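Shown next, in structure tokens, is the structure this report addresses.
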């Protein structure tokens, strides 16, 4: 059994989770603060869209953006010497795009459950918005945020469609666990594919258990404030 798909998947999921974590927090905070209902609905729809689109569609758009024959992709290749398509960074980009809605929606839901009176009281005392965000909003929404991060990790490690489109299936370079499973099944190596499936199941099950732990902690805190 080759270990590279496992290592590539873990690396991709960890790095993408870091990006998704901060992007999701920033997006959720912005949307929660919006007052215009129509604008809020449109922005929320845009941020949630990768969750309902087939991953191959997201992969197509990524190819359209980062392809070497497209303006942005050509600029990166010719002026910065960076080629995204069929490279390890492409696996991270695909995982970020696909897992972002999960982190965003979890953070947004957690922020909306925080008592707005806490932030209003802090503003009356002259506390800056940054301190309100980091010392009031995030700590009180921490369980929901952590649940979203774990879910984003699990989604990132299981991403297939968009990764196959933009990163390809290059052994030792961009072949993640889902792509390795597909390759082994296509080659008729069912036993080897079964080992990869078992590893992916264990990782995903662990992520779900952690998410449930954070959810129970959040519910316990809500009952404690009631």
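Quick one: if you stick a label point 7 Å off each Cα along the C-beta vector at residue 14 and residue 34, how many nm between them?
3.5 nm
Can you sort 82, 52 so the residue with the fewest Cβ neighbours within 10 Å comes first?
52, 82
Peptides 141-147, 187-193: what's the order by average Cβ count within 10 Å, highest mean first?
Descending mean neighbour count gives 141-147, 187-193.
Using the per-residue mean of other Cβ atoms lying within 10 Å as a proxy for protection, in what order, highest first, do the peptides 14-20, 34-40 fall?
14-20, 34-40
Which residues in region 155-172 have a backbone N closer than 17 Å to a point placed 7 Å from the Cα of residue 201 along the Cα-to-Cβ line?
Output list for this probe position: 158.
Between residue 7 and residue 191, what's the calculated FRET efficiency when r is the beta-carbon distance and R0 is 30 Å? Round to 0.05.
The formula returns an efficiency of 0.90 here.
If you rank 86, 66 by fewest surrounding Cβ atoms within 10 Å, what's the result?
With the sparsest Cβ surroundings first, the list reads 86, 66.
If I stretch the segment between residue 46 and residue 26 completely, what's the gain in nm (0.36 nm per residue apart, minus their alpha carbon distance), one decimal?
5.7 nm
Taking the Cα centre of each part, how many Å lie between region 154-189 and region 40-74?
Cα centroid of region 154-189 versus Cα centroid of region 40-74: 20 Å apart.
What's the exposure ranking of 56, 176, going from fewest to most Cβ atoms within 10 Å?
56, 176
Given the Cα-Cα distance of residue 170 and residue 125 and 0.36 nm per residue of separation, how much length would full extension add, in nm?
Once the chain is fully extended between residue 170 and residue 125, it gains 10.5 nm.
Given the C-alpha atoms of region 4-219, compute the convex hull and give its volume per residue in Å³.
140 Å³
Averaging sequence separations of C-alpha pairs under 8 Å and six or more residues apart, then dividing by the length of region 4-219, give the relative contact order as a whole percent.
Relative contact order for region 4-219 comes out at 31 percent.
Bear in mind that the values in this text are calculations on the coordinates, not laboratory data. As the structure is a prediction and not an experimental result, all values here were calculated from the model. Virtual Cβ from ideal backbone geometry, glycine too; neighbours counted across all protein chains shown.
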